[in-house]
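Working notes, structure below.
Quick note: the coordinates plus some simple rules give every number you see, no bench work behind them. These figures come from a predicted structure and were not determined experimentally. A quick note on method: Cβ atoms are made from the backbone with ideal geometry, for glycine too, and the neighbour counts reach across all protein chains shown.
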Amino acid sequence: MRGPTPAAKKSIAAPNDIPQQQQRAKILLAERDYEAAIPLLTKLAALKEPQFPETATWAKQTLPTAHEQHQKLREAAVSACQKARALRLQCDYAGAVQVLELIPVAGRTTELQQLLSESTDLADECSSLRQEIDESLKRKKYSRLRSLLERYLKLRPDSPKMERLLRNLEKNHPARAVANFQETQTYYDVAGRLFTPRDLFLIVFVFTTVFLAMSYAYYSYRANSGKAEPLVTMSDDNPMPPIGIVPGLQPRPRDTSATGGQETLTLKGHTGP
């Protein structure tokens, strides 16, 4: 605890300065600067001058409350440091700054000041990196985008959108990866590569066309290589067009003895002239 300065001791000894010292003590209490207020209150409470009984009484009544508030402020500073460390582990540097800044300047310990300085630097760097990334995306300048993302993700590994953008940059054209990040178009992630609906339509169209062409060529080849000769014809006097092979029917040997030399077609399951 700091003691009163020589100037403060001298001013206490001068009766004409006592009203000013009381006003100063009130200002320090309002600023929660108990380190400076408590020594001053102690001097005012010890006043013996009969012309300032009210000032001495006020100081005596105020001292216990000042000590109590001072202790609470110390505990709050310790608690703020603990919360700030926990928030930093979650990469919430801005949140850590907010917690630490709740402690008034006069009540900040050396440990708290150091945490506040470090957290502020980290929060500012995150904010600056995010601004540079957004500016790079806006201006479509992608030369430094990957390095910016890598640094940002070291500070904020809890950013899934940024992580996805970096991953897509490694496998896709920057413009396409950025469009996916900005959700300006609908993309499908296929084996790490991004395809637009138009891409997918073209792929399906090409594969369908190739499949149909190959199927047509295959069946044409089979039809040409396996072209059947007519099995039989009717008599020479009454010719009929050639009869092709009917699937599922097996031809039987022809017997012309009963028809006087006229050929007949006898198929398994069917007999006809």
Around residue 77 (Cβ within 14 Å, Cβ-to-Cβ, excluding residue 77; K/R +1, D/E -1) the net charge comes to +1
So the FRET efficiency between residue 83 and residue 51, C-beta based with R0 = 45 Å and rounded to 0.05, is 0.40
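Under 14 Å from the Cβ of residue 136, count the other residues' Cβ atoms, weight Lys and Arg +1, Asp and Glu -1, and hand me the total. If you can, show how the numbers build up before the last one.
On the way: positive: 130, 138, 139, 140, 141, 144, 146, 151; negative: 132, 134, 135, 150.
My count for the surroundings of residue 136 gives +4.
Neighbouring Cβ atoms within 10 Å as the yardstick, rank 70, 173 fewest first.
On the way: 70 17, 173 13.
Least crowded to most crowded, the residues run 173, 70.
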So for region 91-149, using the alpha carbon gyration tensor with a ≥ b ≥ c as root eigenvalues (a/c under 1.5 gives rounded; past that, a/b versus b/c decides prolate or oblate), I'd call it prolate
